[in-house]
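Everything below concerns the one structure shown next.
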Amino acid sequence: MADRSLEGMALPLEVRARLAELELELSEGDITQKGYEKKRSKLIGAYLPQPPRVDQALPPERRAPVTPSSASRYHRRRSSGSRDERYRSDVHTEAVQAALAKHKERKMAVPMPSKRRSLVVQTSMDAYTPPDTSSGSEDEGSVQGDSQGTPTSSQGSINMEHWISQAIHGSTTSTTSSSSTQSGGSGAAHRLADVMAQTHIENHSAPPDVTTYTSEHSIQVERPQGSTTSRTAPKYGNAELMETGDGVPVSSRVSAKIQQLVNTLKRPKRPPLREFFVDDFEELLEVQQPDPNQPKPEGAQMLAMRGEQLGVVTNWPPSLEAALQRWGTISPKAPCLTTMDTNGKPLYILTYGKLWTRSMKVAYNILHKLGTKQEPMVRPGDRVALVFPNNDPAASMVAFYGCLLAEVVPVPIEVPLTRKDAGSQQIGFLLGSCGVTVALTSDACHKGLPKSPTGEIPQFKGWPKLLWFVTESKHLSKPPRDWFPHIKDANNDTAYIEYKTCKDGSVLGVTVTRIALLTHCQALTQACGYTEAETIVNVLDFKKDVGLWHGILTSVMNMMHVISIPYSLMKVNPLSWIQKVCQYKAKVACVKSRDMHWALVAHRDQRDINLSSLRMLIVADGANPWSISSCDAFLNVFQSKGLRQEVICPCASSPEALTVAIRRPTDDSNQPPGRGVLSMHGLTYGVIRVDSEEKLSVLTVQDVGLVMPGAIMCSVKPDGVPQLCRTDEVGELCMCAVATGMSYYGLSGMTKNTFEVFPVTSSGAPVSEYPFVRTGLLGFVGPGGLVFVVGKMDGLMVVSGRRHNADDIVATALAVEPMKFVYRGRIAVFSVTVLHDERIVIVAEQRPDSTEEDSFQWMSRVLQAIDSIHQVGVYCLALVPANTLPKTPLGGIHLSETKQLFLEGSLHPCNVLMCPHTCVTNLPKPRQKQPEIGPASVMVGNLVSGKRIAQASGRDLGQIEDNDQARKFLFLSEVLQWRAQTTPDHVLYTLLNCRGTIANSLTCVQLHKRAEKIAVMLMERGHLQDGDHVALVYPPGIDLIAAFYGCLYAGCVPITVRPPHPQNIATTLPTVKMIVEVSRSACLMTTQLICKLLRSREAAAAVDVRAWPPILDTDDLPKKRPAQIYKPSNPDTLAYLDFSVSTTGMLAGVKMSHAATSAFCRSIKLQCELYPSREVAICLDPYCGLGFVLWCLCSVYSGHQSILIPPAELETNPALWLLAVSQYKVRDTFCSYSVMELCTKGLGSQTESLKARGLDLSRVRTCVVVAEERPRIALTQSFSKLFKDLGLHPRAVSTSFGCRVNLAICLQGPRLDPECSGRGQPCRRRAGLHLHEPHRLWKLAEKGTSGPDPTTVYVDMRALRHDRVRLVERGSPHSLPLMESGKILPGVRIIIANPETKGPLGDSHLGEIWVHSAHNASGYFTIYGDESLQSDHFNSRLSFGDTQTVWARTGYLGFLRRTELTDANGERHDALYVVGALDEAMELRGMRYHPIDIETSVIRAHKSVTECAVFTWTNLLVVVVELDGSEQEALDLVPLVTNVVLEEHYLVVGVVVVVDIGVIPINSRGEKQRMHLRDGFLADQLDPIYVAYNM
């Protein structure tokens, strides 16, 4: 780049040209930077003076934006370069480089995203076709730019390198997983310490994590062995040095990156949040307050500016058709239009004679040859589509004038290339709304349209049914001699409709009347000084805008000769238009800055160019502020080829106002054009300030000439009342003239807002009695009536109250770096609304040869540049593979389509950088915890507000009269012996295999005898004493039950352990080993098969097999009976140990006494009405919690038959459980969420075939999901809906709730009366009740029924975050459905307490659920014997109120709510709602979030997200999503996940991790193991597809 030292130098033109070529070679990669600098210094060495200091400061009184003299000091000649000159400005490039250099002191570390190898490979060179680097001439903000500011000196580039090396530390940039930076050690710990200091540590301590008791064992994910969907278990254990629960740093690459991110985010955010008081209940979004120091307009109110008088020339025709008739008859041989082929050779010359006769022929055929004589298809005034390719202007011109002569309205549109072309559907809607039924087209185009097999042209998506009519003369009938078109003077009928694409992608039709058409041609003729027979070269699209107005309409009025250059020729030969100017000595050329830029790139091959014939070079997109650099660079290079400065005439136009302003060609070459260097900061507030201080963020604008002849112009405030702006204020330009559009076809409301605007002065008086038209351009009228445009309304993005223009952002992005990384014309900038403000998104096409590091570096520098220059944050920067952005017909980017793809997650980027932390400044203020209120005031407060203390209980066990024989016995072992004597042949257990047939069964006596033999074996072979612990490692089945009772008979304490998975020993065996060791088992009982597995070679690789305790194989039992069966001395002694891995990855064992076990069984018997005559189907894992109790204990106590279905068998036969329920006519069944999900997903499409197989669920009274979590309402509802057709009563499905301290607190009892169960209706017959009381769900007050249905409430999620419950209506925003967790078991009391103060809470208040019951566990079984934890969890007392009762703390948050329903005994029913576990809840921004709520939102965000898990690390929210789709979709999820969490939860996501299906670990109960996932992530063991670190 010729840097600023060259600007003052008088370099010879050939030296300048050679420098430009050198720069081009450098940018194209033909020479190295070193070679470039060497050659460059050689060239300019002789001319190098000391660089003069350029003083750019203006005197303060010169506030006026532009005067020629002040502007001239900013007028610089700029060297050429091979980038899109529209977006290039050396001043801007230097500003950007300077801004970036500033950043290097800040050492901003942006962690690089991690990407899976396969994803990197796919973006390699081979995957690409070279893209069409051309760019569009569309006005859709499709940005065609390429700019490469190298640092201004070699020193600059060294600094840049230095900055980059500082910015991205060492090897953390590596994209492979091999590198691993050590961020452990004291440094990291200290860094974390200050982060951790800010995070609130929860008072409720989790149960002891026995998993970390010894360093040699790594915790393993407890994986189901089939109970869930067939996920493959993740291949990771824990990191060696990882602590589980408490976020201590880990030596791994991932955590180093996160640490880097945390440090980066600690930098103060600009702008700071305003302090304000938040009502504790509401999370108020920050409202952007106006900056008190923002610049305000100070000038006087502007005056409407009049253009010169439109002079009526005597020989101007009365209408355009009259002009055509005149030239067609007077000068039939005069050339009208010359078209070119792709070699640049003249293809065809249309003369005025031919144009006249052919147009007449078309007009005659349209009116008389379509339809019948009685019913013509097209009448005067009807709309007709013109569908002609860009390389056939002649046919299009003939058809256009044919329509004018026939008085039908042409609607010129693009050729639909495919049935799903970007934007083509919207064009179809326009045609439909215009009532178009006929499309005129050329022969070649007709042949090229897609055809159906029968040769018909199919209907395009969204298009009306069209008759395609070919307009070539050979296909048309000759009009009769006496037929002549009716040529009238121009009137107010519509002449044509021009289509316009809006910001949102919709297409509108702007109607132009015949008088406006004629007046516009006259105004252009006067402004441009057109004369007869001039030659004009047109590169623009002839179907609309400047190309149509000059090249088709005004040219005919003045009998000019148009040389039309098609887009296809420009792609092959960008210099073609310059060659045609030379060849035809053309006086005028119509181009866009793109065409000037292309010519600059290609001009070095040409020697004999002479542009001295040009008197006017119309720059159609002169309204784009960045076109100035193209104009300057073009002039700089071609001045030596005869181009004069005053020839360049930028113009501004819009579909609604037609030509808004155009610079007039002058003969005075001494007067430089007007330009202003404006402060970009001022412009964001809509204020014009000539920049004096900042120097970095400026916008140099050139004038687009004067107001059109016969027009009045003013600028009005962009929003609200159209009030006139002040002289130093930017507003929307409005125009009052005959020559403007009239309306949007068929849209009267929008027409009124745009075409019928009456601007008013500050006093409210209208400026004129005539309406003005909004041009859609933002600008101001400067001194001397010069019009300046600074942007488009369509490109406007209002972020936090400041206005930014998309084009300006593009220019800054392109000035960051030589175009090594992205394609010049392929960059799109738009805004999306997230959390009530607009957020800026930049999407660019990446070059295939740029590496991940390069692209990422470029992205982070773009962010910094935009931050420095525009003081605005970029929300998302995405790079997509070359050639993948949707294109407009002329090759530009289809902006609205790109935005649509981004929002629906179909953009498939290959690189994404999100910056929500820096951008989103309107989040609610973090919540400050209020000082706690004293106990007395809480009590009084509750009483005053009429709230009762939140407590509830199940039925009182003491008062229930039942003939329960088992109550006589204190111990289960005694109950079994009694049953073996009294009902020896009664079947207690039936085990089914995967085919649904009985694999095994046990009667009372069989179980008793088997247990006796096992007791003998334990005593004789195991040499065990009473009280010894025995680990039972069995698959779900009969053996497990027998072994359990065998232990009781021998006086041993059993511990049930899930056996290792044969296919996954490495992950599952260490968990077995750990439970065996932690439980201090003296011996291990199992089957022969598992015995072999435990001693196998695979097992030896996973654990130390020599350390197993003695292993007893129960397949070979002794034949004798024990001398006596052990009877415990005391009911409070230990019956068994229950070990379970919690969702937070903690392994906790609880002690169950004999008394608790018996009380538990009795409570379940009463709640579920279990008797020996009943059959219950159980599809649960029998290793812990309620699942174990139902599988092993309840049948022995209650005598009912349990039909056992191992959940693993559902893997091979998903219908097994439901078929068994149907076949055995079971009325009560229990399952887990995993089983329910498997049935819902696996049987969803099979309900009809199951019905045919006789599956009938109408007898089911209760189907209880056994869980230790908030009820999954969506799953239970979809299960109920799905199987409703098979007879399942919708109210039959309910849930239970248990936890470590009490294995079952709630369990829904049966709801339907036995006599009515077949019909599935509650029976009201015997009770003699009235049925007209709708608000009560009456139930029988007898033993036959237990209680009301579970209720669902909707709570406000925002209140929940503040630990409050606020009930809302279904469907209200932020509402969350919560289902009651089942009915409280008999003998259980519940109270809701504040987890911090331990005080009782009121009804409908959120707090910790505390429980008191005879079947509470008696404590944790740990090897530490941590007494304080023990007493806190199992023996807590309230701090006030009832301080005597001893409660166990569940560790779950929930609330009680008294409902309108009544229990069997007539009491009002208290419903318990579980919200979530305290140790899973995340404290973020001072509020409490439950992972499941965020996960539910994320799963809804995109169809490819199958599962999600969230956790926090330090103070960052990490979201892990499983992707069901191609890896290309992985990066689409990052913005969508970030958006949805921001919108619904007011949280900024720190890290988004995209993984394969099955990576999120799930335990046997179907619960996500989030902490295992976290540990796996931090230890870099997840093999993620993509990891994005949000800034």
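The values are calculated or read from the model by the stated rules, or taken from the named source; none is laboratory data. Here the structure is a predicted model, which means the values were calculated and not measured. Please note: Cβ atoms are built from the backbone with ideal geometry, for glycine as well, and neighbour counts cover all protein chains shown. SASA here: full protein model, heavy atoms, side chains in, ligands and nucleic acids out. Shrake-Rupley method; radii C 1.70, N 1.55, O 1.52, S 1.80 Å.
Residues Tyr567, Tyr47 ordered from highest to lowest accessible area at a 1.4 Å probe: Tyr47, Tyr567. The simple spin-label model puts a point 7 Å past each Cα toward its Cβ; for Thr1506 and Leu467 those points are separated by 5.5 nm. Look at where the Cα atoms of segment 430-479 and of segment 1513-1587 average out, and the two centres are 51 Å apart. Of all lysines in the structure, those lying under 16 Å Cα to Cα from Lys968, and not within fewer than 8 positions of it along the same chain, are Lys1127, Lys1165. Extending 7 Å from Cα along the Cβ direction at Tyr47 and again at Lys333 yields two label points whose distance is 5.1 nm. Measuring against 26 Å, Cα to Cα, the residue pairs Lys102/Lys925; Lys488/Lys592; Lys361/Lys544; Lys543/Lys571; Lys580/Lys641; Lys488/Lys585 contain Lys102/Lys925; Lys488/Lys592; Lys488/Lys585 as the ones spanning a longer distance. For the set Arg675, Arg1457, the ranking by accessible area, highest first and with no ligand, DNA or RNA atoms included, is Arg1457, Arg675 under a 1.4 Å probe. Judged by the mean number of other Cβ atoms found within 10 Å, the most tightly packed of the peptides 1065-1074, 533-542 leads the ranking 533-542, 1065-1074. Based on every Cα atom in segment 536-664, Rg and the maximum pairwise Cα distance Dmax equal 13.6, 42 Å. Cβ-Cβ distance of His368 and Val760, R₀ of 60 Å, FRET efficiency by 1/(1 + (r/R0)^6): the value works out to about 0.70.
On a per residue basis, segment 1120-1187 carries 30 Å² of accessible surface, using protein heavy atoms and a 1.4 Å probe. In terms of Cα atoms, the Rg and Dmax of segment 795-901 work out to 13.3, 40 Å. Under a straight-distance cross-link criterion of Cα-Cα below 20 Å, which lysines are reachable from Lys115, leaving out those fewer than 8 residues away in the same chain? Within the straight-line cut-off, Lys115 pairs with Lys235, Lys257. Given axes a ≥ b ≥ c from the Cα gyration tensor, I'd like to know whether segment 1440-1591 is rounded (a/c under 1.5), prolate (a/b larger than b/c) or oblate. Prolate. Within the same chain, lysines fewer than 8 places from Lys296 are excluded, and of the rest, those with a Cα less than 17 Å from its Cα are Lys717. In the distance distribution for segment 1502-1589, Cα-Cα pairs more than 19 Å apart total 34 percent.
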